Each structure stands twice: as C-alpha cells, then as structure tokens.
Amino acid sequence: MKKMRLFYAVAMALLTLTFSSCDEDTLQAITNGGGDDTVAALKEALTIGAQVASNKLGAENGYLNDEKVRIAMPDELQTMLELANTDAGKTFLSAVGADAFVGKTLDTLINRAAEQAAPEAAGIFADAITSMTVQDGEAILFGADNAATQYLHDKTYSGLQTSFGKVVTGTFDQVSVSGHTLNEAWSGFTTYYNKVADFKSTTGGTIAMAALKIGLSKAGKSDLYDKINGIQHVNTNLGEYVTGCALDGLFTKVADKELEIRTDVAARTSSLLQKVFGRL
C-alpha cells in the first residue's frame, strides 16, 4: 500500500512538473487537439468540397441529370405544364391564346444557367471560407457529418446569394436551347401565364373556366382546376429562384465531400486533414 501511495505521489509530481513547464499554447493544444489546426483543417475541407462541387455541377448536365440537385421548375411553370398535358387544359389554353409557351425548354434552360455559373462558385466560396471566423472548431469537428458545411451555410448564405446571384443572372442571356435564351423563354412564358390570369375575369374566360372545371373533374384533376382558378400574375423572381436552388445544390455537394473526408482516410489528401480528421 505504501509503495502504491509513493508511486502515485511521484507520478503526480512528474505530471505537475511537465505541465508547468509547458507554455499556454501547448497546454491549449493538449486540451483541445490544436484549435488553430482544427479550424484550418475545417476550412481546407470546405474549400476542397467547394471545388469538387463547382467542378461536378459545372459539367454538362451537372444539375440537369442529378436528381439530388436538379432545379425544379417554379410553381407557375409546373402548373402550366400540368395543364397543357390534359385535354381540357389544351382546349382552355387554346381559347386563351396561350398554348405556345416553351415549358420544357425553360426547364432545361434553368438548369443550364446554373451549370454555366457553377465554375465561378469555387472562387466565391473560397473567399467566403477564408474570411469566415470559426468560433468553435472542436464542436464542428466532433459534430454532425455535415457540421462544417452547415456552419458555412449559416454564416455565408446571404452574402453568397448576392455575389453568386450576379454570376447566375449573367448567364440568362448566354445559355440557349432551341433558339431561346433563358430570358427570352421566361419572358414568353410569363406573357402567356399572365394572359391566363387576365382571361379568367372576362366573359369568355368565365365560360372557359366552367368548361375547364368539368373537364378536369372528369379527369380526376380537380386540384389542378383550383390552382388555375387561383393564379395571379407571375410573381417569381427568376434570378433569386435559380440562384437559391443553385446554391442549395452546391452546398449539397460540399456536404457530400465533407462526409467523405470524415469517413474515408483516402479522402484526406493533406497532412493537416490527416492529422485533424484522424482524431475522429
């Protein structure tokens, strides 16, 4: 027993001597695994993720053929396409003079615009990551599988909407499908859509809406009639819509890369990533 007590006393003395000789930074590193390294590794992982996301989504069909990030059509466009795919809807749109909108072309153009803008995202994200102040790297490191990506999202999303939004809207006159740019196709669609909104309140529109209601009811699509009956002029800001969806897709891919770095040793391509993420 006395020997054991003596052993513990000597051990504690050695520990006290060891830690009292360390400077404050070393003690902090021992305590939390190296705070500066942790933050640097998190930023490196996010930067890699942003580059990978930019490359993948900037490729041809990067958004269009990826169901996880493909940009869905705005509600107005979905409603009109659904209407155009019914017999009663075709008759109604013909009466309105609004049966020539390029719905499917618009669907492709929206995703093409995001794909063309995506290569610029890596640099914009890198700037945001570099300037980001990470308050608790340890909590992020040992947090959820997408904790770093979520932190980046929370801290930078509003700013990215502005900076990346300029890039996205700049593509609207550059991408072209079937001879239409996105701006041209969207302008044409909104013209036809607004025709429907105005037509409903006319005498002929009242009659056409009554026939549409009967036709859609027979087709089991009464909910579609309610959508048409409730439409007003187009209120979607296409720039904001495409930018928001494109950013969501980019963050999704960044999160995928973060998960890979967390779980796959081979994905830790630097000594810093190996050191910090190896602690997991």
*Which is assigned to a helix (DSSP H, G or I), open to solvent by 20 Å² or more (accessible area, probe 1.4 Å) and under 30 Å from THR202 (Cα atoms), of THR162, THR108, THR190?*
THR190
*Within the range 174-187, which residues are part of a strand (DSSP E or B) and not aliphatic (A, V, I, L, M)?*
SER176, HIS180, THR181
*Out of the residues in the range 78-94 that are of a type in the set (A, V, I, L, M) and out of contact with any Asp or Glu (no Cβ under 9 Å at 6 or more places or on another chain), which is nearest to ASP107 (Cα to Cα)?*
MET80
*Residues being surrounded by 13 or more Cβ atoms within 10 Å (Cβ to Cβ), assigned to a helix (DSSP H, G or I) and not β-branched (Val, Ile, Thr): count how many of those fall in the range 199-231.*
13
_Residues satisfying the stated conditions in the range 246-280, i.e. more than 20 Å from ALA117 (Cα to Cα), among the small types (Gly, Ala, Ser) and in a helix (DSSP H, G or I)_ = ALA266, ALA267, SER271
*asked:* Among the residues that make up the range 127-148, is at least one of them without any contact (Cβ under 8 Å) to a residue 60 or more places away in the chain, within 18 Å of LYS56 (Cβ to Cβ) and in contact with a Ser or Thr (Cβ under 6 Å, 6 or more places away or on another chain)?
replied: no
*State whether one or more residues within the range 183-196 are of a type in the set (Gly, Ala, Ser) and under 17 Å from the mean Cα position of the chain (by Cα).*
no
*asked:* Among the listed residues VAL234, VAL276, identify the single one that is touching a Ser or Thr at 6+ places or on another chain (Cβ under 7 Å), crowded, with 16+ Cβ neighbours inside 10 Å, of a type in the set (A, V, I, L, M, F, W, C) and within 30 Å of ASP37 (Cα to Cα).
replied: VAL276
*Can ALA98 be described as touching a Cys at 6+ places or on another chain (Cβ under 8 Å) and either more than 23 Å from LEU57 (Cα to Cα) or open to solvent by less than 20 Å² (accessible area, probe 1.4 Å) (or both)?*
no
*Are any residues in the range 161-200 of a type in the set (Phe, Trp, Tyr), touching an Asp or Glu at 6+ places or on another chain (Cβ under 9 Å) and closer than 17 Å to MET80 by Cβ, and if so, which ones?*
PHE189, TYR192, TYR193
*Filtered residues of the range 131-155 (kept if touching a Phe, Trp or Tyr at 6+ places or on another chain (Cβ under 8 Å) and either open to solvent by 80 Å² or more (accessible area, probe 1.4 Å) or assigned to a helix (DSSP H, G or I) (or both))*: ILE140, LEU141, THR149, LEU152, HIS153
*Of the residues ASP248, ASP173, which single one is modelled with pLDDT of 95 or more, open to solvent by 20 Å² or more (accessible area, probe 1.4 Å) and touching a Leu at 6+ places or on another chain (Cβ under 9 Å)?*
ASP173
*asked:* Need the failing condition index for ALA118 against (1) assigned to a helix (DSSP H, G or I); (2) small (Gly, Ala, Ser); (3) at pLDDT below 95, just the number.
replied: (3)
_the range 48-83, residues that are part of a helix (DSSP H, G or I), open to solvent by less than 40 Å² (accessible area, probe 1.4 Å), in contact (Cβ under 8 Å) with a residue 40 or more places away in the chain and more than 21 Å from LEU152 (Cβ to Cβ)_ = GLU76, LEU77, THR79, MET80, LEU83
*In the range 212-259, which residues are closer than 16 Å to PRO74 by Cβ and among the hydroxyl-bearing types (Ser, Thr, Tyr)?*
THR236, TYR241, THR243
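The values are calculated or read from the model by the stated rules, or taken from the named source; none is laboratory data. On a predicted model such as this, the values are computed, not experimentally measured, just so you know. Cβ sites come from the backbone with ideal geometry, for glycine too, and all protein chains shown count toward neighbours. Quick note on the areas: whole protein, heavy atoms, side chains included, nothing else; ligands and nucleic acids left out. Shrake-Rupley method; radii C 1.70, N 1.55, O 1.52, S 1.80 Å.
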